[in-house]
Amino acid sequence: QVQLVESGGGLVQPGGSLRLSCATSGTIFSIYTMAWYRRAPGKQRELVARITSGGSTNYADCVKGRFTISRDNGKNTMYLQMNSLKPEDTAVYSCNTYPDNRLAWGQGTQVTVSS
């Protein structure tokens, strides 16, 4: 079974940056559109950004211009570069296929933006 492992989260001050990674254990990663999602306390999971197998990207309005999604199909890994972080970006960030979330969810990685 393909596993998803997210990493790179942490505590950062407003205006800071983090780079998240989503590693998969399977070899089918390259054919899927992948996405980053986040869930803030007391809120539903929301789509942050997605990237097709060919590298086309799409972002939620709230992160556009601040976050960059990318992927390395050779390494079965996807990334999320987050700049100019805001307190409202605080959430658990997870990855999965888009739009059907067909893989088992990983643990996610906590991002906390606070001074």
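With a Förster radius of 22 Å applied to the beta-carbon distance between N73 and E46, the computed FRET efficiency rounds to 0.30. For a 4.7 Å threshold on C-beta separation, the list of partnerless cysteines in the chain reads C62.
The lysines within cross-link reach of K43, meaning a Cα-to-Cα straight distance under 26 Å and a gap of 8 or more places when in the same chain, are K64, K86.
Counting only trypsin sites (Lys or Arg not before Pro) that DSSP places in a loop and that have at most 13 other Cβ atoms within 10 Å, the longest clean stretch of the chain runs over 1-42. To the nearest 10, the accessible area of E6 is 20 Å² with a 1.4 Å probe.
The values are calculated or read from the model by the stated rules, or taken from the named source; none is laboratory data. The structure displayed is predicted, hence computed values, not measured ones. Cβ atoms come from the backbone with ideal geometry, glycine included; neighbour counts cover every protein chain shown. Just so you know, the surface numbers come from the protein's heavy atoms only, side chains and all, with ligands and any DNA or RNA stripped out. Shrake-Rupley method; radii C 1.70, N 1.55, O 1.52, S 1.80 Å.
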